[in-house]
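The block underneath contains the structure these notes are about, expressed in structure tokens.
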Amino acid sequence: MENLVIRLGKRIDTTNYVEVEKDLLKQIAATPHTSLTLDAEELEYIASSGLRVVLKIARMDKKMRIINTDLQVYNIFEMTGFSKIINVEKKPRKIDLSQCTLLGAGSTGAVYRVSPEEIVKVNYNPATEAEMIEEKEKSQAAFVIGVPTAISFDTVDCGEGRKGVVYETIQNSTLGEMLEADPSRCEDMVRAYIKALRSINSIHTDNPVFPSAINFYIDCIEKAKPFYTEEEIAMLQRVVDAMPEGDRLVHGDAHPKNLMLQGDELMWIDMAMVCVGHPIYDIISLACALFLSNDTFAKKLTGMSLANLQRFSEVFIRLYFGVEEEAQVLRYKQMMAQLYMIRGVFSIGFNSPATIQARPRILQMARERFFPNIDSIIATVKELSEIV
């Protein structure tokens with residue numbers, strides 16, 4: 001069984017609502033399905049009699065949604081209050097990518113400049129469309145509760161089955177790129193980064209659009225089971241058990257390339273992994289970037305050369321943890337290096353091209369450096385959770 005999509009005609013009014021209702025009920029009864037969608041792409045007008053038909057169907061299937069409504073029809077649903085009880089989606093506007101400038105591309109999509117004010121993140125893989133919409137909803141919810149982030153607008157049709165989400169253009173470089181251009185500003189930039197990190201981590205929220213950070217790692221364990229032994233999976237569970245719960249906002253991928261300067265303010269971008277939990281989760285995600293050993297990959301991920309990344313790392317440890325003595329700085333470096341391994345070892349089951357390619361290296365790191373030091377790693381998670 002799957003989603004049943006029924007296309008509506010041009011009008012539903014007093015002249016045809018009886019026939020429309022009979023036809024809808026007949027199709028619904030004849031087709032086993034798990035969800036129901038009414039496609040209103042051709043619908044130009046709906047009268048009150050038509051609304052009653054829609055309401056009757058919606059009461060039969062509380063998860064029913066209506067898609068592709070034009071502005072006039074959407075306004076009818078909005079003004080009558082139907083959009084409060086039924087999931088009604090406007091017809092996405094169309095964007096011609098051939099008229100846009102390609103800014104960057106990855107394995108599942110790309111980013112184009114639509115205008116000086118807008119960019120569009122385009123999805124090439126229909127299987128990840130839900131994740132794209134989820135990121136838009138997270139961005140909107142985060143903006144409303146005070147996180148400085150690019151405004152996310154509408155979902156758009158980019159042709160050839162490709163969907164996209166339009167975002168506000170931020171007219172500047174990332175924090176990592178700015179530091180790479182002027183390493184002498186490292187301390188000022190790290191201070192600005194710490195301020196932005198502590199600001200987002202200070203926000204308490206129970207908005208359900210933000211998933212639990214700890215559930216991310218629980219899901220990772222499930223995905224990792226084909227690659228590790230039962231004993232190794234049990235050790236991963238011990239790490240999760242040591243991670244604290246929390247209700248604070250966590251970016252989830254808090255490296256310097258995910259902050260951009262807009263005017264005088266640093267703004268968070270790439271909100272796909274935003275969740276709720278404890279600030280330790282952002283420190284873990286940052287550690288993944290701070291302890292890279294490949295210059296090419298460092299520039300790709302953070303915007304900084306390895307030398308500047310190492311400079312950023314040392315200044316961050318000194319300022320964030322408030323330590324000055326060399327022995328203390330070294331100790332926190334060692335603890336952060338242990339956190340660096342967590343994300344990689346847990347992510348082995350991800351099916352992105354980059355993770356699949358890296359699996360042999362992840363497995364080697366896990367068995368040579370991670371699992372043999374599991375007690376020390378767990379102690380580090382607990383200790384830093386008390387500090388951050």
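Condition check ((1) open to solvent by 70 Å² or more (accessible area, probe 1.4 Å); (2) over 16 Å from Asp282 (Cα atoms)) across all residues:
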{"site": "Asp206", "(1), (2)": "yes, yes"}
{"site": "Cys220", "(1), (2)": "no, yes"}
{"site": "Ala224", "(1), (2)": "no, yes"}
{"site": "Tyr228", "(1), (2)": "no, yes"}
{"site": "Gly246", "(1), (2)": "no, no"}
{"site": "Leu249", "(1), (2)": "no, no"}
Lone qualifier among Ser49, Ser115 - being more than 27 Å from the chain's Cα centre (by Cα) and either open to solvent by less than 70 Å² (accessible area, probe 1.4 Å) or modelled with pLDDT of 90 or more (or both): Ser49
Residue that is open to solvent by less than 40 Å² (accessible area, probe 1.4 Å) and among the basic types (Lys, Arg), where the choices are Lys84, Lys90, Lys138, Lys163: Lys138
Candidates Val122, Val147, filtered to the one that is of a type in the set (A, V, I, L, M, F, W, C), assigned to a loop (DSSP other than H, G, I, E, B) and closer than 26 Å to His255 by Cα: Val147
From Glu177, Glu131, residue being at negative phi, at pLDDT below 90 and either under 14 Å from the mean Cα position of the chain (by Cα) or surrounded by 14 or more Cβ atoms within 10 Å (Cβ to Cβ) (or both): Glu131
Selection count where residues are of a type in the set (Phe, Trp, Tyr) and within 20 Å of Glu135 (Cα to Cα), scope the stretch 184-213: 1
Single residue of the stretch 339-388 satisfying the filter (assigned to a loop (DSSP other than H, G, I, E, B) and more than 18 Å from Ile284 (Cα to Cα)) that is least open to solvent (accessible area, probe 1.4 Å): Ser352
Check on Lys136, closer than 23 Å to Ala272 by Cα and assigned to a helix (DSSP H, G or I): yes
Complete set of residues in the stretch 23-38 that are more than 37 Å from the chain's Cα centre (by Cα) and either part of a loop (DSSP other than H, G, I, E, B) or surrounded by 11 or more Cβ atoms within 10 Å (Cβ to Cβ) (or both): Asp23, Leu25
Among the candidates Asp270, Asp241, residue that is open to solvent by 30 Å² or more (accessible area, probe 1.4 Å), modelled with pLDDT of 95 or more and under 18 Å from Arg343 (Cα atoms): Asp241
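The values are calculated or read from the model by the stated rules, or taken from the named source; none is laboratory data. Since the model is a prediction, treat every value here as computed from it, not as a measurement. Positions of Cβ are generated from backbone atoms using ideal geometry, with glycine treated the same way; all protein chains shown enter the neighbour counts. Side chains included, ligands, DNA and RNA excluded: accessible areas come from the protein's heavy atoms. Shrake-Rupley method; radii C 1.70, N 1.55, O 1.52, S 1.80 Å.
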